[in-house]
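Structure first, then comments.
Here, each number is a calculation from the coordinates, and none is a lab measurement. Not measured: the values here are computed from a predicted model. Counting neighbours? That spans all protein chains shown, and the Cβs are built from the backbone with ideal geometry, glycine included.
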């Protein structure tokens, strides 16, 4: 991306090293042995420990943590727990991908399977990250399709014993990665800054075109097109391509730490990580002053039906830790109904992107961030 | 199904043997070797010959038979052809699954890949059958996902050389299967017959819940529910579960041959093989007399919004060969927009079925076929 930036005539670009966890998927296999032999689709959840050989055990199907808690530890012990939880919202359902391993391990389970976090499936498995806790045994966790979760549920409901064999060989090590930072220096108050961003890492399945290729590209586009148009805003417009968002916002955390004494200089921070479908406006987190101001600016985009403002307590992914520090920010609002169809799966490819929508997102992203960076007065935080 | 029929109190059930081709999928693998190593999803097309070891060759991407014909045979020779054809309708696009192997072999290709026949994909591969021709070399054929077809197209468009390695080990042998026939004998003219049907075979991927589990079940339901309600129609109501529809209507063809002297006794023939989503009415093939009559009967279903009639030259799958003989018939009209999302793929499972829609289909199917079998006069064919 650095070379590509230079090739496009922008040279104020640098990288900052970040130590990141590198989780590498190995061979994965999932077989139902009872009540009959059947191969099932599997996708290990990122950061999961491997199985160390094969684990063969009975499966207990539950639909929630509450249901798990209601079952005696003696019954859970030595079993594999399948969490077959319906998708409601990502925020609600993601806990089953993130926390199932810990919850089940506490009750003595040897592994967990999780219904893929998606509203719709065409036999599609979705990965993502998980969280372990100190002093709780790390057990392997893998996603299966909605279809297979329903299938195992039906067998379980009939009272039949399900036995599965699971095998996952994956590796976790630390490695050096980099945030990429591209600046268009402000002509008036260059120390003050408006940041646009997206994350440059993606899961190993698919191409990461939706999560977050689109967001990364429209943020990269901002300095490139401003340079092309010979436009310089009052404040510095900084594009950041975060590394290692998927496994814990590691790029953003490293930046926050390294630049902790410059946080007051960040006037506004933006990220696009929820799709680059048809753009609609902004989701804004900040004081009432901030939302009023952004709303005024958004009205300039009314002719293109791009003036929708949604107020949120927090927003974005990487930028949420900046917003927690009181910095106002926004993420791209777009027609993202299909976002979780593709999210963290083999279906996240360029086929899911619509070129004209992405171009519209890029134009809007550049224009709105330029206008904010050009504001005659600083954004009041309260 | 015979046992299940008996268990439901219906005993006028018998089977008729049919010799059918049995195609068994073996290990399949598809790897792109150039411009870089990448594993691709593969699903051999039913009835394809195996690869006999591995085939490694350059890939040429075309979007139509016309484009293939425009390329010199010398260029095609020894290559693998990828047909990356957009889905329009099933009728238009299926030729690329069915006839690509013959068209490409005639020009010297060693194998073909076909973009899966579906309007939408979440990295989903769709199989189906193909046709070989005498005196044309049989070359292996496999389906890939829309995503991978687009991916290879982009590489091809950049002018880069694509080399892939394909391996398919599958077997074809002849075996005995059976049509299942369940009768509710007519109380007045039992030799005359109204037939309801669906096919009992499915592809090895998925569960065949949509194609044609739903159609099979609602047709099976007709004699069972009539027996339960102690209803007997004027004419015999015969439910047929056809075998081996997927690889050439073999069950239907065998029935047609064996019962060729009874065709005049078939008043009307029905099949459901295009989904059992929300039912809407019937697609009818027959003379104007026939469509008028069926339309009159359909008006009785207006209170349930089930009175839509679509006129077709032919309809159904198995029953089309009966309609070709002048027998009037109909297939179930239903809200089948998503039918080809699941068709012949791992996504064709019970998860894609909606129980209440299937029950509505079953009730409609039983009621309308009973009314036709109960008509005071025979259906005039012209």
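Test of understanding: in a Gaussian network model of chain B with alpha carbons linked when under 10 Å, which of B:250, B:86, B:334 would top the mean-square fluctuation ranking?
Per the Cα network of chain B with a 10 Å cutoff, B:86 tops the list.
Run the label-point distances for residue B:29 please: 7 Å along Cα to Cβ, every other copy, nanometres, shortest first.
Copy-to-copy label distances at residue B:29, shortest first: 1.2 nm.
Considering only DSSP beta bridges where both residues belong to chain A, give the percentage that are antiparallel (nearest 5).
Numbers: 40 of 73 bridges.
Approximately 55 percent, going by the DSSP bridge assignments.
Using a label point 7 angstrom from Cα along Cα-to-C-beta, what distances in nm, from shortest up, separate residue B:324 from the other copies?
6.8
Using the Cα gyration tensor of segment B:23-119, with a ≥ b ≥ c the square roots of its eigenvalues, what is the shape: rounded (a/c below 1.5), prolate (a/b larger than b/c) or oblate (neither)? Numbers along the way, then the final one.
Working: a/c = 1.41, a/b = 1.09, b/c = 1.29.
Rounded, since a/c falls under 1.5.
For a Förster distance of 35 Å, can you work out the FRET efficiency between the beta-carbons of residue A:378 and residue A:4, rounded to the nearest 0.05?
Values: r = 32 Å, r/R0 = 0.93.
FRET efficiency, residue A:378 to residue A:4: 0.60.
Comparing A:115, A:34, A:235, which has the greatest mean-square fluctuation in the GNM of chain A with Cα pairs linked when under 10 Å apart?
Among A:115, A:34, A:235, the largest mean-square fluctuation in the Gaussian network model of chain A belongs to A:34.
Roughly what would the spin-label model give for residue A:157 and residue A:64, points 7 Å off Cα along C-beta, in nm?
Once both label points are built, they end up 1.7 nm from each other.
Could you list the square roots of 5 times each eigenvalue of the Cα gyration tensor of segment A:185-374, that is, the equivalent ellipsoid semi-axes, sorted largest first and rounded to whole Å? Don't skip to the answer; put the middle values down first.
Values: eigenvalues 113, 75, 51 Å².
Largest first, segment A:185-374 gives 24, 19, 16 Å.
State whether segment B:340-382 is rounded, prolate or oblate according to the following rule on the C-alpha gyration tensor (a ≥ b ≥ c being the square roots of its eigenvalues): a/c under 1.5 gives rounded; otherwise a/b larger than b/c gives prolate, and the remaining case gives oblate. Let's see the in-between values first.
Details: a/c = 6.10, a/b = 2.25, b/c = 2.71.
Judged from the Cα gyration tensor, segment B:340-382 comes out oblate (a/c at least 1.5, b/c at or above a/b).
Per-residue ellipticity at 222 nm for chain A, helices alone: DSSP H runs ≥ 4 residues times -39500 (n - 2.57), over residue total, nearest 500 deg cm²/dmol? Kindly include the intermediate steps, with their values, before the conclusion.
Values: 11 runs with 106 residues, N = 382.
Value at 222 nm, helices only: -8000 deg cm²/dmol.
Among DSSP beta bridges lying fully in segment A:24-171, give the percent that are antiparallel, nearest 5. Spell out each step's value before the answer.
On the way: 17 of 30 bridges.
Percent antiparallel among DSSP bridges in segment A:24-171 is about 55.
When chain B is treated as a GNM, springs tying every alpha-carbon pair under 10 Å, which of B:15, B:127, B:349 comes out with the largest mean-square fluctuation?
Answer for the Gaussian network model of chain B: B:15.
Between residue B:106 and residue B:72, what length comes free when the chain is fully extended (0.36 nm per residue of separation minus the Cα-Cα distance, one decimal in nm)? Could the numbers behind the result be given before it?
On the way: separation 34, 0.36 × 34 = 12.24 nm, distance 1.18 nm.
Taking residue B:106 through residue B:72 to full extension adds about 11.1 nm, to one decimal.
If R₀ is 35 angstrom, what is the calculated FRET efficiency for the pair residue A:88 and residue B:335, using the beta carbon separation as r and rounding to 0.05? Display every interim value, and only then the final one.
On the way: r = 25 Å, r/R0 = 0.71.
So, using R0 = 35 Å, E works out to roughly 0.90.
Determine the shape class of chain B: with a ≥ b ≥ c the square roots of the Cα gyration tensor eigenvalues, call it rounded for a/c under 1.5, and otherwise prolate if a/b is greater than b/c, oblate otherwise. Provide the component values of the computation, followed by the final result.
Details: a/c = 2.26, a/b = 2.13, b/c = 1.06.
Prolate shape, in that a/c is at least 1.5 and a/b is the bigger ratio.
Once you place label points 7 Å from the Cα toward the Cβ at residue A:260 and residue A:304, how far apart are they in nm?
3.9 nm
In peptide A:339-346, how many Cβ atoms from other protein chains are near each Cβ within 10 Å, on average? Display every interim value, and only then the final one.
Numbers: counts 0, 0, 2, 3, 0, 0, 2, 7.
The shielding value for this peptide is 2.
Suppose each label sits 7 Å from its Cα in the direction of the beta carbon; what would the residue A:14-residue B:354 distance come out to in nanometres?
Between residue A:14 and residue B:354, the label points sit 5.8 nm apart.
Could you put B:304, A:23 in order, starting from the residue whose Cβ has the fewest other Cβ atoms within 10 Å? Kindly include the intermediate steps, with their values, before the conclusion.
Numbers: B:304 12, A:23 20.
In order of increasing Cβ crowding within 10 Å: B:304, A:23.
For a footprinting-style exposure proxy, rank A:357, B:305 by other Cβ within 10 Å, fewest first.
B:305, A:357
Roughly how far apart, in whole Å, are the Cα centres of segment A:315-354 and segment B:304-359?
Each part reduced to its Cα centre gives a spacing of 39 Å.
Based on other C-beta atoms within 10 Å, arrange B:219, B:100, A:177 from fewest to most.
Sorted ascending by nearby Cβ count, the order is A:177, B:100, B:219.
Put a label point 7 Å from Cα along the Cβ direction on residue A:228, then list its distances to the equivalent points in the other copies in nm, shortest first.
Counterpart label points of residue A:228 in the remaining copies fall at 6.5 nm.
Compute the long axis of helix A:355-373 from its Cα atoms, compare it with the longest principal axis of the Cα atoms of chain A, and write down the angle in degrees, 0 to 90, nearest 10.
With rounding to tens, the tilt is 50 degrees.
Roughly how many whole Å is it from the C-alpha centroid of segment A:149-206 to that of segment A:207-223?
15 Å
At what distance in angstrom do the alpha carbon centres of segment A:1-43 and segment A:239-298 lie from each other?
One Cα centre to the other: 24 Å.
Taking every DSSP beta bridge with both residues inside the protein assembly as shown, roughly what % is antiparallel (nearest 5)? Write down the numbers at each step before the final one.
Values: 80 of 146 bridges.
Here the share of antiparallel DSSP bridges comes out near 55 percent.
Looking for one value pair here: nearest-to-axis residue in chain A (by Cβ) for the rotation onto B, and the distance in whole angstrom.
A:122, 2
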